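Below is one structure, written out as structure tokens, with a few remarks after it.
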Amino acid sequence: MFKKILIANRGEIACRVIKTARKMGIKTVAVYSDADKDALHVQMADEAVHIGEAPTAKSYLQIDRIVKACKQTKAEAVHPGYGFLSENRAFQEALAKAKIVFIGPDAHAIQAMGDKIESKKLAVKAGVSVVPGFNGVIKDVAHAMKIAKDVGYPVMIKASAGGGGKGMRIARNEGEVREGFERATSEAKSSFGDDRVFIERYIEQPRHIEIQVLADRKGNTFYLGERECSIQRRHQKVIEEAPSPFLDAKTRKAMGEQAVALAKAVKYVSAGTVEFIVDQKRNFYFLEMNTRLQVEHPVTEMVTGLDLVELMIRIAYGEKIPFAQKNVQLTGWAMESRVYAEDPYRNFLPSTGRLVRYMPPLEGKNVRVDTGVYEGGEISVYYDPMIAKLVTYGKTRSEAIEYMREALDAYYIRGVSHNIPFLASLMGKKKFEDGKLSTNFIAEEYPDGFAAKDLPAKDPTLLTGIAALVHHAYQARAAAISGQVSGHGRDLPETWMVVSGEGKNQSAHQAWVSPHPEREADPNMGPASGVVKVGARTLTLASAWTYGHPLLTAKIKIDKGAATEVTVQVDQRGAGYRLFHAGAQIDVKVLTVREAELNRLMPFKPPPDLSKYLLSPMPGLLVSLAVKEGQEVKAGETLAIVEAMKMENVLKAERDGTVKKIHQAPGSSLAVDQVILEFA
């Protein structure tokens, strides 16, 4: 077996590979850029080599520097992870020339499957079902419009060398083809150095279901079941699960056999994924083959009991796959949520900065966290904003969903915005619970974008009661300390007013607090254990929570119902509290009855009107401006294009107006909410 391998990647996947290598007794080498000198993967590896500046083009995409790092550290093999150089033929060839093993497929398979146009041609030859479309090179916009008309609307414009949702656009008419072609080719050029695109028919209400394949050099090629990846936003996967709630045994077998046929046609070796689009009648069509480990591989590992990274390493070393197709069994259900540093309330704009507090949920049989960050670390503007992959496992799909809800409640992140509220909202959707999925799911369920109203309605008893109990506990401690210092104790009120909102939107709930009947006899009960009456409801809470801890996990019983375990995040904010549960976040003040009466009289200052400004919704680069000073614009007209995380974001006018002043020029680096232009 290899004695030392180098991981040509960063973040959670680098950490993931290091964990398996450590389990196998293999030493590891990390590579890092200027921005990653303190990164978790660097800390975890046995050795680390600096390979360049923060931009990927000057570090993680530098083939010569990575090969040099292998020679310098005497690494015998390289695991590429996903992204970066994982599907780069030149990288595999450079390693082979240096007599370093690439833990992945051979160059010819990377080349054949890496080009989406050529891969579709090979799929047809291998007898794999494909989507109708035009697989040749498209010369210009006019050519694209003619092809789209011939194929039939709607169509999908896709980068030939693409992946990760970059260089992809859906077009339903000529105007959308024109704009989509320009944006897709521009993004493809920026992200992959290849501006070729192709066009195929867009399947309405499709599911995105992929087959995991595994092949060795002994002639064995197997499929390890499927993953449902239909919950996507901007063609980026958000939730993945295994198995699919849609496939039957017959379709699963047919898809698996076609995936194996394609892998054999290109003499594929290692782990790979064949992606399919599946319509509502279970007709399936080849989409692409990813010649690498997928981001969502943990769900396959959870239901098969296999370690795909270990199998990749063993295959690269020349070993035979230690099982046959008949031995592959799917047991239970696994679900993965991608936790990103992004603001779901601002159209999922990337969020960068320091992780001031970072407490992932506890891992165990039913919860797994694959991450590459830590408390005090930074989310950089230079790389993908993924914080972690949160994976849960249950005997059934509903059980896996329930574990996911609990884990999301317990995931504590401060310092950057994150998408946990959105993930929690998805878990609460009836269509999601029923498995009625498609790649249009998010667009249909959130037609106006994500907002607080999209979170499931909750009985106010829970958060009102917890706020009152926590505040009562803090006040009791303050009263006890005051009595010890001054010799004069003070009585605590039993009745509190839990106030949320401002101005006309202010609401208040009265809460009566009394001690938990068993607290004296149970030393494990913390100060926030008690009984609270909110209106006609009674909440009995037993918790080990103590002062200052941000997570309150408790056994809660409402009225005469059964006790359930609930986790609520509780932050002190000045004179009030911020509580987070099931995706919902509320700010409250807990006041005495008299304080609440006076609070209603306090003046409310509305936020300033910023409607006359175009603000940058994210940190990024101002690629271009489509208007000039004095120009009249109509609602929906393009004003500017801002690039962030290698994605181009088109900013359009929300209403008619006249441009008064341009504040930023193309090429400017923008901060969040920085003024780009001003309207009269």
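Just so you know, all these numbers are worked out from the coordinates, no wet-lab data involved. If you're wondering where the values come from, they're calculated on a predicted model, not measured in any experiment. Cβ atoms come from the backbone with ideal geometry, glycine included; neighbour counts cover every protein chain shown.
Side notes on the structure shown:
- Candidate cross-link partners of LYS431 among the aspartates and glutamates, defined by an alpha-carbon separation under 12 Å and a same-chain spacing of 8 or more, comprise GLU444, GLU445.
- Footprinting exposure proxy ranking of TYR547, TYR340, fewest other C-beta atoms within 10 angstrom first, gives TYR547, TYR340.
- Sorted on the mean count of surrounding Cβ atoms within 10 Å across their residues, most packed first, peptides 361-373, 404-416 read 404-416, 361-373.
- Segments 634-643, 460-469, 97-106 sorted - mean Cβ within 10 Å per residue, highest first: 460-469, 97-106, 634-643
- Per-peptide average of other Cβ atoms within 10 Å, ordering 224-232, 136-144, 14-22 highest first: 224-232, 14-22, 136-144
- Percent of beta bridges antiparallel (DSSP, the chain, rounded to nearest 5): 90
- In order along the stretch 298-308, the Karplus-derived 3J(HN,Hα) couplings, from 6.51 cos²θ - 1.76 cosθ + 1.60 at θ = phi - 60°, round to x, 5, 5, 4, 5, 8, 9, x, 9, 9, 5 Hz, and Gly and Pro are given as x.
- Ranking GLY561, TYR358, PRO608 by how far each Cα lies toward the positive end of the dipole of the chain (charges on Cβ) leaves TYR358 at the top.
- Positive end of the dipole of the stretch 16-142 (Cβ unit charges, origin at the Cα centre): among VAL141, HIS108, GLN43, the Cα lying farthest that way belongs to HIS108.
- Amide H contacts of ASP106 (H built 1.01 Å from N, under 5 Å, at least 5 apart or other chain): VAL269
- Per-residue Cβ neighbour counts within 10 Å put TRP333, TRP512 in the sequence TRP512, TRP333, beginning with the fewest.
- Summary value for the stretch 19-169: 12 percent relative contact order, contacts being C-alpha pairs under 8 angstrom separated by 6+ residues.
- Compared with the dominant principal axis of the Cα atoms in the chain, helix 249-265 is inclined by about 50°.
- 3J(HN,Hα) along the stretch 167-179, derived from phi through the Karplus expression 6.51 cos²θ - 1.76 cosθ + 1.60 where θ = phi - 60°, amounts to x, 10, 8, 8, 10, 10, 7, 4, x, 6, 5, 4, 5 Hz, with x in place of Gly and Pro.
- Inter-centroid distance (Cα atoms) of the stretch 552-613 relative to the stretch 628-651, Å: 37
- Long-range amide H partners of GLY225 with built H, under 5 Å: GLN212
- Cross-link pairs beyond the 30 Å C-alpha cut-off, checked among LYS237/LYS589; LYS120/LYS189; LYS71/LYS121; LYS116/LYS389; LYS58/LYS149: LYS237/LYS589; LYS71/LYS121; LYS58/LYS149
- Value at 222 nm in deg cm²/dmol, rounded to 500, when DSSP H runs of n ≥ 4 in the chain each add -39,500 (n - 2.57): -8000 deg cm²/dmol
- Nearest-0.05 FRET efficiency for ALA98 and ALA665, computed from C-beta distance (R0 45 Å): 0.50
- Exposure proxy order (Cβ contacts within 10 Å, fewest to most) of HIS50, HIS235: HIS50, HIS235
- Separation in nanometres of the label points that stand 7 Å from Cα toward Cβ, at GLU494 and GLN631: 6.9
- On Cα atoms only, tilt of 397-409 relative to the major axis of the chain in degrees: 60
- Dipole of the stretch 461-599, positive direction: furthest Cα of LEU463, ALA528, THR546, with charges on the beta-carbon: LEU463
- With R₀ fixed at 25 Å, the C-beta to C-beta distance from LYS125 to GLN325 puts the FRET efficiency at about 0.60.
- For the chain, the relative contact order is 9 percent, taking Cα pairs closer than 8 Å that sit 6 or more residues apart in sequence and dividing their mean separation by the residue count.
- Per-residue extension of 0.36 nm, minus the Cα-Cα distance of GLU520 and VAL137, leaves a gain of 130.2 nm for this segment.
- Under 18 Å of direct C-alpha separation, and excluding same-chain neighbours fewer than eight residues apart, LYS326 reaches these lysines: LYS218, LYS250, LYS253.
- Stokes-Einstein D for the stretch 32-86, Kirkwood Rh over Cα pairs, 20 °C, 1.002 mPa s (µm²/s): 184
- Charge dipole (debye, nearest 20) of the chain; +1 at Cβ of Lys and Arg, -1 at Cβ of Asp and Glu: 1200
- Along the stretch 418-434 the Karplus relation, 6.51 cos²θ - 1.76 cosθ + 1.60 evaluated at θ = phi - 60°, assigns HN-Hα couplings of 8, 9, 4, x, 5, 4, 5, 5, 4, 5, x, 6, 4, 4, 5, 4, 7 Hz to successive residues, with x for each Gly and Pro.
- For the stretch 4-103, a crude dipole built from +1 on the beta carbon of Lys and Arg and -1 on the beta carbon of Asp and Glu, taken about the Cα centre, is about 380 debye to the nearest 20.
- Once the Cα atoms are used to define both axes, helix 461-486 deviates from the longest principal axis of the chain by about 50 degrees.
- Charged side chains reduced to their Cβ positions (Lys and Arg at +1, Asp and Glu at -1) give the stretch 613-679 a dipole of some 60 debye around its Cα centre.
- Length-normalised contact order for the stretch 461-599 - Cα pairs under 8 Å, 6+ apart - percent: 21
- If the segment from ASP307 to GLU502 were pulled out straight at 0.36 nm per residue, it would be longer than the present Cα-Cα gap by 65.0 nm.
- Cubic angstrom per residue, convex hull over Cα atoms of the stretch 4-103: 79
- Residues whose amide H lies under 5 Å from that of ALA388, counting only those 5 or more places away or on a different chain, are VAL339; hydrogens are built 1.01 Å from N in the peptide plane.
- Förster radius 41 Å - calculated FRET efficiency between ASN220 and GLN572, Cβ distance, rounded to 0.05: 0.10
- Rg/Rh for the stretch 132-201, where both radii come from Cα atoms and Rh is the Kirkwood radius: 0.92
- Hits among lysines - C-alpha to C-alpha of LYS557 under 17 Å, sequence gap 8 or more where chains match: LYS458, LYS533
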